[in-house]
1. Relative contact order, percent, of segment 1-148 when contacts are C-alpha pairs under 8 Å separated by at least 6 residues?
2. Give me the dipole magnitude in Debye, nearest 20, for segment 2-62 about the Cα centre, with unit charges on the beta carbon: positive for Lys and Arg, negative for Asp and Glu.
3. So how much slack lies between SER296 and ARG37, counting 0.36 nm per residue of separation and subtracting their Cα-Cα distance, in nm?
4. Could you give the alpha-carbon Rg of segment 2-62 over 2.2 N^0.38 Å, rounded to two decimals?
5. So for segment 2-62, averaging the separation of alpha carbon pairs under 8 Å that are six or more residues apart and normalising by length, what relative contact order in percent results?
6. Using square roots of five times the C-alpha gyration tensor eigenvalues, list the equivalent-ellipsoid semi-axes of segment 1-108 in whole Å, biggest first.
7. Between LYS261 and ASP62, what is the label-point separation in nm under the 7 Å Cα-to-beta-carbon projection?
8. Relative to the present Cα-Cα distance, how much length would full extension add between ARG194 and ASN308 at 0.36 nm per residue of separation?
Amino acid sequence: MLVNSNDYRSRRGDGEVDVLNGYRGVVTAVDANRGARIAWRHGGRPQQAWISPKQLRRGDLDLGYATTIASAQGMTTDRCHVYGLGADARGLYPAMSRARERTDLYLPAAEIEPEITRARLGEAADEAQALARAVAAYAATLTDDEDQLLLDELAARLPEGTPDLPAPAAADHDDDQVVPEHERQAAQARALIRQATELESALPALREEYRLAEQRAEVGRLRLMMGRTNPAAARAAAHQAGERIHHVSGQADALRDRARKLSEQARAGRERQESAAVAAAQRAQHLTALEPVATSRALTRAELATLNTDGLTKLDHAAWRKGMAGRSAKRPPSRISAPPAPAPAPAPVRKTRTPRPTPPPSAPYRHTPGPIRGRGPGIGR
């Protein structure tokens with residue numbers, strides 16, 4: 001446990017030891033009336049004192065699993081766990097030298113590795129590469145250690161088979177390498193998705209805590225009193241557990257929403273870049289085809305590249321006329337001076353009628369005179 005306030009009991013004549021801010025100890029007893037009894041060592045001698053319920057409600061005693069590097073100076077422990085984010089070389093060295101047996105350094109790679117580096121290198125292939133990149137990114141922030149003592153120690157403690165530790169300057173000075181905006185947005189989206197996944201991994205434990213808190217709130221008042229609580233506190237604890245679930249879920253949803261928007265922006269940026277690359281390749285091919293015409297007009301390549309649409313259109317027309325003239329010049333001359341005589345028209349074909357068959361000869365026709373019939377003067381009277 002960690003004491004958070006000063007209580008000069010010896011000055012009041014209580015006959016007890018002083019309980020001062022920064023004391024670290026362990027809880028040895030708990031009493032409903034007297035509070036919690038804390039034992040610690042001061043000046044090589046064991047001491048103990050009771051922290052009253054009023055002081056506990058006020059927050060004078062807190063969990064002491066972690067402490068700052070400054071307050072840990074002078075301590076010696078068997079094992080030490082160091083969270084390195086934000087520590088410089090002068091503060092990290094005493095933090096890494098507190099343990100007798102082992103010291104573990106924890107580095108949040110997603111926060112210490114620059115986005116531009118992550119976009120350029122992509123995701124780590126394995127854990128060894130991820131560890132080397134995290135240490136390299138962290139080493140780049142330790143600018144106060146000019147002798148490189150701490151960096152050499154970090155490199156020496158890497159597991160066997162880990163790739164060599166990159167130089168801090170290479171990890172810190174990537175600004176000269178331009179990374180497209182869409183790649184940077186894609187890297188940010190991947191980082192947000194990792195953060196959302198980490199938050200969501202805590203939801204099962206929070207739901208179980210909420211379930212237990214709900215069950216505790218439903219038990220009888222007597223059992224709650226025996227457990228040193230009351231129904232109101234149990235209901236408040238259940239409500240707080242539910243609020244934590246909603247808070248974590250909301251944070252994860254917000255991170256995933258931001259990641260989705262960044263992914264869409266990255267996709268649109270990648271498509272724009274691809275379209276621009278295709279357009280640039282077509283323009284380069286077009287300019288290459290126009291170089292002979294531009295050379296005939298005393299234009300350099302730089303001047304040709306700066307022409308606008310109207311200028312390129314004029315060169316296109318000139319190239320077309322030149323091509324037409326070239327094709328006419330390559331046509332072979334005719335050996336016949338006069339035009340060839342036209343071919344004679346074919347004779348018209350007359351259609352002949354098929355003669356009808358001649359009938360067989362018959363008897364000769366003889367005229368036999370008969371009476372004259374008709375009207376006239378003197379006829380028929």
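1. It rounds to 16 percent for segment 1-148.
2. Computed about the Cα centre, the dipole is about 20 debye.
3. The SER296-ARG37 span can extend by a further 83.3 nm.
4. Its radius of gyration relative to the 2.2 N^0.38 Å reference: 1.03.
5. Result for segment 2-62 is 30 percent.
6. 30, 14, 13
7. 3.4 nm
8. 36.3 nm
Laboratory data are not the source of any read-out in this text; all were calculated from the coordinates shown. Keep in mind the model is a prediction, meaning the values are calculated, not measured. Every residue, glycine as well, gets a Cβ built from its backbone with ideal geometry; the counts of neighbours run over all protein chains shown.
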